[in-house]
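Inspection log for the structure reproduced underneath, given as structure tokens.
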Amino acid sequence: MYWHNFPAKQTFLAKPVKTKIMKIKKTSAALTFSAFLLFTVPLLAQNTPALTDPEIASVAVTANQVDINYANIALKKSKNASILEFAQTMAKDHQGVIDQAVALVKRLNVTPKDNAVSKKLNADAEKTKQKLNSKSGKDFDKAYIGNEVAYHKAVVSTVETVLIPQSQNAELKGLLQQVLPVLKTHLGHAMMVESNLSK
Amino acid sequence: MNIKRSIAGLMFLGIMLTACNASTEKTIPIKHVVEIKQMLFQPAELQVHTGDTIEWINHDFVDHDITEEKNHEWSSGRLTNGQSWKYVIKKTTSYFCSIHVVMKGKIIITGE
């Protein structure tokens, strides 16, 4: 459901042994590359978690703060104009989303509640930040933007399939629906920067 | 003969005046509105006459700008939520948001 969309096991069962080994090798290489590039693991477990509105608010704020933190690393480490512009946009837009979410929960008198999803987001983000901080120059730029593509794909998927459907409060649902096109635009922007970097 | 000539003259004059009026109506500049919402310029493509004014209004909660795409000849600067910006279009132009570079729009000049 989330961002590691590698071939399903059934594909291997129907193939001859040689092809199967090749496939496994390719998949293994892809997984290694993916882990190297993305540094991330799925936001959520295979089973869709059931979240209350205070928990959804917490996930929303955490997910945005995580991307601001990545952007701040990029703003310190990168010298690439496209990366810097992208990171500035991420920092500003995601802060805008947090401001909207905080204003909403205050108005609704709701306290965001820490939960398994927001904890996992933070734990994964720490690992990613360590890996990003260990890189420099073009390696950093590629790693940062690769992670941004993967992260935004994951967050778009989570907002679409978990947070919006499970939101009970109409205003919270409305805010998430407003945020979704912003996230999709960020994803398109990240993919464009990534494509231009590899030219 | 004189009456016929006078009628023909009046008819000619009437045609000329009508043509002039029609021409004048076409050149009166008007204002068009492009709304920025859900991270899109709406409409993304707009047909206008030379000298028409375009007003962009930002309805999103994130900032946007309107920037000429090819050479960045003009730009609105940042528009926050609720802010608008006007520009008189003189030629067919592609533009984009330089903050969210995948957001694009086009103004097409269809006549004087």
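The values are calculated or read from the model by the stated rules, or taken from the named source; none is laboratory data. None of these values were measured; they are calculated from a predicted model. Cβ: placed from backbone, ideal geometry, glycine included. Neighbour counts: every protein chain shown.
Things to note:
Residues checked against (1) under 17 Å from B:Val101 (Cβ atoms); (2) away from every other protein chain (no Cβ under 14 Å); (3) surrounded by 18 or more Cβ atoms within 10 Å (Cβ to Cβ):
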position: A:Val117; (1), (2), (3): no, yes, yes
position: A:Leu121; (1), (2), (3): no, yes, yes
position: A:Glu160; (1), (2), (3): no, yes, no
position: A:Val179; (1), (2), (3): no, no, yes
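- Scanning the stretch A:38-73 for residues that are at pLDDT below 80 and either buried (at least 18 other Cβ atoms within 10 Å of the Cβ) or among the basic types (Lys, Arg) (or both) returns A:Leu38, A:Phe39, A:Thr40, A:Leu43, A:Leu44.
- Residue in the stretch A:93-101 that is part of a loop (DSSP other than H, G, I, E, B), surrounded by 14 or more Cβ atoms within 10 Å (Cβ to Cβ), over 16 Å from the mean Cα position of the chain (by Cα) and aliphatic (A, V, I, L, M) present: no
- Complete set of residues in the stretch B:74-112 that are within 17 Å of B:Thr53 (Cβ to Cβ) and without any contact (Cβ under 8 Å) to a residue 24 or more places away in the chain: B:Trp74, B:Ser75, B:Ser76, B:Thr92
- Within the stretch B:82-112, being within 14 Å of chain A (Cβ to nearest Cβ) and exposed (fewer than 14 other Cβ atoms within 10 Å of the Cβ) holds for one residue alone: B:Gly82.
- Among the candidates A:Lys184, A:Lys131, A:Lys173, the residue that is more than 28 Å from B:Leu40 (Cα to Cα), at pLDDT 95 or above and either in contact with a Leu (Cβ under 6 Å, 6 or more places away or on another chain) or not polar (S, T, N, Q) (or both) is uniquely A:Lys131.
- When restricted to residues that are in contact (Cβ under 8 Å) with a residue 40 or more places away in the chain and in a helix (DSSP H, G or I), the stretch A:166-177 contains 5.
- For the residues A:Gly146, A:Gly174, A:Gly188, the requirement of being among the small types (Gly, Ala, Ser), within 14 Å of another protein chain (Cβ to nearest Cβ), closer than 23 Å to A:Lys92 by Cα and within 14 Å of the chain's Cα centre (by Cα) singles out A:Gly188.
- Qualifying residue in the stretch B:38-59 (condition: touching a residue at least 60 places away in the same chain (Cβ under 8 Å), touching a Gly at 6+ places or on another chain (Cβ under 6 Å) and surrounded by 15 or more Cβ atoms within 10 Å (Cβ to Cβ)): yes
- Residues located in the stretch B:43-75, provided they are in a strand (DSSP E or B) and under 14 Å from the mean Cα position of the chain (by Cα): B:Glu45, B:Leu46, B:Gln47, B:Val48, B:His49, B:Thr53, B:Ile54, B:Glu55, B:Trp56
Let's see how each residue does on (1) over 22 Å from A:Lys184 (Cβ atoms); (2) in a helix (DSSP H, G or I):
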residue: A:Ser58; (1), (2): yes, yes
residue: A:Asn64; (1), (2): no, yes
residue: A:Ile73; (1), (2): yes, yes
residue: A:Lys76; (1), (2): yes, yes
residue: A:Gln88; (1), (2): no, yes
residue: A:Val110; (1), (2): yes, no
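- Some residue of the stretch A:105-114 being surrounded by 16 or more Cβ atoms within 10 Å (Cβ to Cβ) and touching a residue at least 60 places away in the same chain (Cβ under 8 Å): no
- Test: residue in the stretch A:162-177 that is of a type outside the set (S, T, N, Q), surrounded by fewer than 20 Cβ atoms within 10 Å (Cβ to Cβ) and under 24 Å from A:Leu75 (Cβ atoms): no
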